[in-house]
Amino acid sequence: MVAPTGEQYLGMFGGRHLAKGAEDRWFQADSTGEKPPAHDHHGAATLSGQLFVHGGWQSENRKAEAVLADIWSYSMETRSWTQHIPAGKSPSARFMPGVAAVRYHGVETMAVFAGETLPGSTKHTTLNDVWVFDPAEASWTELFPRTCDLIPTDLLGPYDRSLQDRWGHCSCDGDHAGREVRHGISQVSVCP
(Lines give C-alpha, C1' and ligand atoms only; values in the text may rest on other atoms or scores of the structure.)
Protein backbone atom coordinates (compact mmCIF):
# COMPACT_ATOMS: atom_id res chain seq x y z
CA MET A 1 0.00 0.00 0.00
CA VAL A 2 1.16 3.54 -0.64
CA ALA A 3 0.98 6.25 2.03
CA PRO A 4 -0.04 9.84 1.16
CA THR A 5 3.68 10.71 1.34
CA GLY A 6 4.38 8.24 -1.48
CA GLU A 7 6.16 5.75 0.80
CA GLN A 8 5.33 2.11 0.15
CA TYR A 9 4.28 -0.26 2.93
CA LEU A 10 3.27 -3.87 3.32
CA GLY A 11 0.23 -4.07 5.59
CA MET A 12 -0.75 -7.01 7.79
CA PHE A 13 -4.13 -7.11 9.51
CA GLY A 14 -4.24 -9.15 12.67
CA GLY A 15 -2.31 -6.81 14.84
CA ARG A 16 -2.34 -3.79 12.50
CA HIS A 17 1.34 -3.97 11.60
CA LEU A 18 3.10 -2.37 8.65
CA ALA A 19 6.45 -3.19 7.11
CA LYS A 20 8.62 -0.43 5.72
CA GLY A 21 10.68 -2.34 3.16
CA ALA A 22 13.35 0.33 2.67
CA GLU A 23 14.16 0.18 6.39
CA ASP A 24 13.54 -3.58 6.75
CA ARG A 25 11.35 -3.17 9.83
CA TRP A 26 7.81 -3.79 11.08
CA PHE A 27 5.87 -1.34 13.23
CA GLN A 28 2.37 -1.18 14.66
CA ALA A 29 0.19 1.30 12.80
CA ASP A 30 -1.67 3.84 14.89
CA SER A 31 -5.43 3.93 14.60
CA THR A 32 -8.16 6.10 16.03
CA GLY A 33 -11.86 5.53 16.50
CA GLU A 34 -13.75 2.29 16.03
CA LYS A 35 -11.69 -0.76 15.10
CA PRO A 36 -12.76 -4.06 13.53
CA PRO A 37 -13.18 -7.10 15.75
CA ALA A 38 -10.44 -9.73 15.71
CA HIS A 39 -10.40 -11.65 12.42
CA ASP A 40 -8.71 -14.87 11.36
CA HIS A 41 -8.61 -16.45 7.88
CA HIS A 42 -9.89 -13.22 6.26
CA GLY A 43 -9.08 -11.82 2.82
CA ALA A 44 -7.38 -8.47 2.20
CA ALA A 45 -6.53 -6.19 -0.72
CA THR A 46 -5.24 -2.65 -1.19
CA LEU A 47 -7.47 -0.19 -3.06
CA SER A 48 -6.60 3.50 -3.47
CA GLY A 49 -3.97 3.34 -0.73
CA GLN A 50 -6.32 1.72 1.79
CA LEU A 51 -6.17 -1.81 3.18
CA PHE A 52 -9.56 -3.54 2.76
CA VAL A 53 -10.36 -6.60 4.90
CA HIS A 54 -13.29 -8.94 4.22
CA GLY A 55 -14.74 -11.94 6.04
CA GLY A 56 -12.89 -14.42 8.23
CA TRP A 57 -13.55 -15.99 11.61
CA GLN A 58 -14.07 -14.12 14.84
CA SER A 59 -13.73 -17.15 17.12
CA GLU A 60 -12.77 -20.82 17.03
CA ASN A 61 -16.45 -21.72 17.36
CA ARG A 62 -17.38 -24.00 14.41
CA LYS A 63 -20.85 -22.47 14.09
CA ALA A 64 -22.23 -20.13 11.42
CA GLU A 65 -22.16 -17.07 13.72
CA ALA A 66 -18.35 -17.36 14.00
CA VAL A 67 -17.93 -16.53 10.29
CA LEU A 68 -17.92 -12.88 9.18
CA ALA A 69 -19.19 -11.06 6.08
CA ASP A 70 -18.01 -7.59 7.11
CA ILE A 71 -15.83 -5.12 5.19
CA TRP A 72 -13.40 -2.73 6.84
CA SER A 73 -10.77 -0.42 5.39
CA TYR A 74 -7.71 1.14 7.02
CA SER A 75 -6.57 4.52 5.73
CA MET A 76 -2.88 5.41 5.87
CA GLU A 77 -3.84 9.07 5.52
CA THR A 78 -6.23 9.28 8.50
CA ARG A 79 -4.80 6.30 10.42
CA SER A 80 -8.35 5.14 11.05
CA TRP A 81 -10.65 2.23 10.24
CA THR A 82 -13.97 2.54 8.39
CA GLN A 83 -16.65 -0.13 8.39
CA HIS A 84 -18.42 -0.33 5.04
CA ILE A 85 -22.10 -1.25 5.29
CA PRO A 86 -23.12 -2.43 1.80
CA ALA A 87 -26.52 -1.67 0.34
CA GLY A 88 -28.42 -4.49 -1.34
CA LYS A 89 -27.42 -8.10 -1.94
CA SER A 90 -24.11 -9.26 -0.43
CA PRO A 91 -22.03 -12.43 -0.46
CA SER A 92 -22.55 -14.93 2.34
CA ALA A 93 -20.24 -14.93 5.36
CA ARG A 94 -16.98 -16.75 4.58
CA PHE A 95 -13.45 -17.45 5.68
CA MET A 96 -10.35 -18.08 3.51
CA PRO A 97 -11.67 -16.19 0.48
CA GLY A 98 -9.48 -15.24 -2.45
CA VAL A 99 -9.41 -11.42 -2.49
CA ALA A 100 -7.78 -9.03 -4.97
CA ALA A 101 -8.02 -5.44 -6.15
CA VAL A 102 -9.41 -5.39 -9.71
CA ARG A 103 -10.83 -2.86 -12.17
CA TYR A 104 -14.44 -3.73 -13.01
CA HIS A 105 -16.17 -1.54 -15.60
CA GLY A 106 -13.39 1.02 -15.15
CA VAL A 107 -13.83 1.23 -11.36
CA GLU A 108 -11.32 0.05 -8.76
CA THR A 109 -13.08 -2.72 -6.82
CA MET A 110 -12.31 -5.58 -4.46
CA ALA A 111 -13.01 -9.01 -5.97
CA VAL A 112 -13.90 -11.91 -3.67
CA PHE A 113 -13.74 -15.49 -4.91
CA ALA A 114 -14.83 -18.61 -3.07
CA GLY A 115 -13.90 -19.49 0.50
CA GLU A 116 -15.72 -21.61 3.02
CA THR A 117 -18.59 -21.15 5.41
CA LEU A 118 -19.89 -22.98 8.48
CA PRO A 119 -21.32 -25.16 9.94
CA GLY A 120 -20.30 -28.40 8.30
CA SER A 121 -17.41 -30.09 6.61
CA THR A 122 -15.37 -28.66 3.73
CA LYS A 123 -17.16 -31.06 1.40
CA HIS A 124 -20.46 -29.24 2.04
CA THR A 125 -19.37 -25.67 2.80
CA THR A 126 -16.98 -24.79 -0.02
CA LEU A 127 -18.05 -21.74 -2.00
CA ASN A 128 -17.25 -20.93 -5.64
CA ASP A 129 -19.04 -17.64 -6.21
CA VAL A 130 -17.39 -14.42 -7.43
CA TRP A 131 -18.34 -10.93 -6.21
CA VAL A 132 -16.91 -7.43 -6.60
CA PHE A 133 -17.29 -4.66 -4.02
CA ASP A 134 -17.32 -1.01 -5.11
CA PRO A 135 -16.24 1.07 -2.08
CA ALA A 136 -17.46 4.35 -3.60
CA GLU A 137 -21.00 2.97 -3.97
CA ALA A 138 -20.84 0.62 -0.95
CA SER A 139 -22.34 -2.08 -3.14
CA TRP A 140 -21.64 -5.66 -4.17
CA THR A 141 -22.11 -7.12 -7.65
CA GLU A 142 -22.39 -10.88 -8.02
CA LEU A 143 -20.47 -12.01 -11.12
CA PHE A 144 -20.90 -15.79 -10.72
CA PRO A 145 -23.32 -17.46 -8.28
CA ARG A 146 -22.41 -20.35 -6.02
CA THR A 147 -22.92 -23.67 -7.79
CA CYS A 148 -21.00 -26.25 -5.73
CA ASP A 149 -24.07 -27.47 -3.88
CA LEU A 150 -26.16 -27.53 -7.07
CA ILE A 151 -23.98 -29.78 -9.23
CA PRO A 152 -25.00 -33.44 -9.58
CA THR A 153 -22.26 -35.90 -8.60
CA ASP A 154 -22.08 -37.32 -12.15
CA LEU A 155 -20.82 -33.92 -13.42
CA LEU A 156 -17.81 -33.82 -11.10
CA GLY A 157 -15.61 -35.23 -13.83
CA PRO A 158 -12.86 -37.85 -13.99
CA TYR A 159 -11.12 -36.86 -10.76
CA ASP A 160 -10.04 -39.14 -7.95
CA ARG A 161 -13.02 -39.18 -5.55
CA SER A 162 -10.73 -39.37 -2.49
CA LEU A 163 -9.06 -36.13 -3.63
CA GLN A 164 -12.44 -34.52 -4.19
CA ASP A 165 -13.47 -35.43 -0.66
CA ARG A 166 -10.18 -34.17 0.78
CA TRP A 167 -9.95 -30.91 -1.21
CA GLY A 168 -13.64 -30.10 -1.65
CA HIS A 169 -13.36 -30.14 -5.45
CA CYS A 170 -16.31 -28.74 -7.30
CA SER A 171 -16.51 -28.41 -11.05
CA CYS A 172 -19.09 -28.36 -13.76
CA ASP A 173 -19.56 -28.73 -17.49
CA GLY A 174 -20.12 -25.96 -20.05
CA ASP A 175 -23.84 -25.85 -19.20
CA HIS A 176 -22.85 -24.43 -15.82
CA ALA A 177 -20.57 -21.69 -17.28
CA GLY A 178 -17.40 -23.68 -16.57
CA ARG A 179 -16.74 -22.49 -13.03
CA GLU A 180 -14.71 -24.57 -10.64
CA VAL A 181 -13.07 -24.23 -7.26
CA ARG A 182 -10.52 -26.36 -5.54
CA HIS A 183 -10.27 -25.63 -1.86
CA GLY A 184 -6.82 -24.25 -1.19
CA ILE A 185 -6.27 -23.46 -4.88
CA SER A 186 -8.38 -20.54 -6.07
CA GLN A 187 -9.07 -21.01 -9.75
CA VAL A 188 -11.74 -19.97 -12.20
CA SER A 189 -11.78 -21.98 -15.44
CA VAL A 190 -13.78 -21.87 -18.63
CA CYS A 191 -14.78 -25.25 -20.02
CA PRO A 192 -14.22 -25.71 -23.79
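The values are calculated or read from the model by the stated rules, or taken from the named source; none is laboratory data. Nothing here was measured: the structure is a model prediction, and the numbers come from that model. Here the Cβ positions follow ideal geometry from the backbone for every residue, glycine too, while neighbour counts run over all protein chains shown.
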For this session: Identify the residue in the stretch 31-85 that is over 14 Å from residue 136 (Cα atoms) and in contact (Cβ under 8 Å) with a residue 60 or more places away in the chain and, among all such residues, is farthest from the chain's Cα centre (by Cα).
Result: 77
For this session: Look at the stretch 114-140 and say how many of its residues are at pLDDT below 95, over 15 Å from residue 69 (Cβ atoms) and assigned to a strand (DSSP E or B).
Result: 3
Exercise. What single numbered condition from (1) farther than 16 Å from residue 57 by Cβ; (2) touching a residue at least 40 places away in the same chain (Cβ under 8 Å); (3) not aromatic (Phe, Trp, Tyr) fails to hold for residue 118?
Worked result: (1)
Problem set entry | Residue in the stretch 19-31 that is loosely packed, with under 12 Cβ neighbours inside 10 Å and either in a loop (DSSP other than H, G, I, E, B) or modelled with pLDDT of 80 or more (or both) present | yes
Exercise. For residue 83, are the conditions met, namely being at pLDDT below 85, over 21 Å from residue 116 (Cβ atoms) and either touching a helix residue (DSSP H, G or I) at 6+ places or on another chain (Cβ under 6 Å) or surrounded by fewer than 16 Cβ atoms within 10 Å (Cβ to Cβ) (or both)?
Worked result: no
For this session: Kindly establish whether residue 117 is surrounded by 13 or more Cβ atoms within 10 Å (Cβ to Cβ), polar (S, T, N, Q) and within 20 Å of residue 136 (Cα to Cα).
Result: no
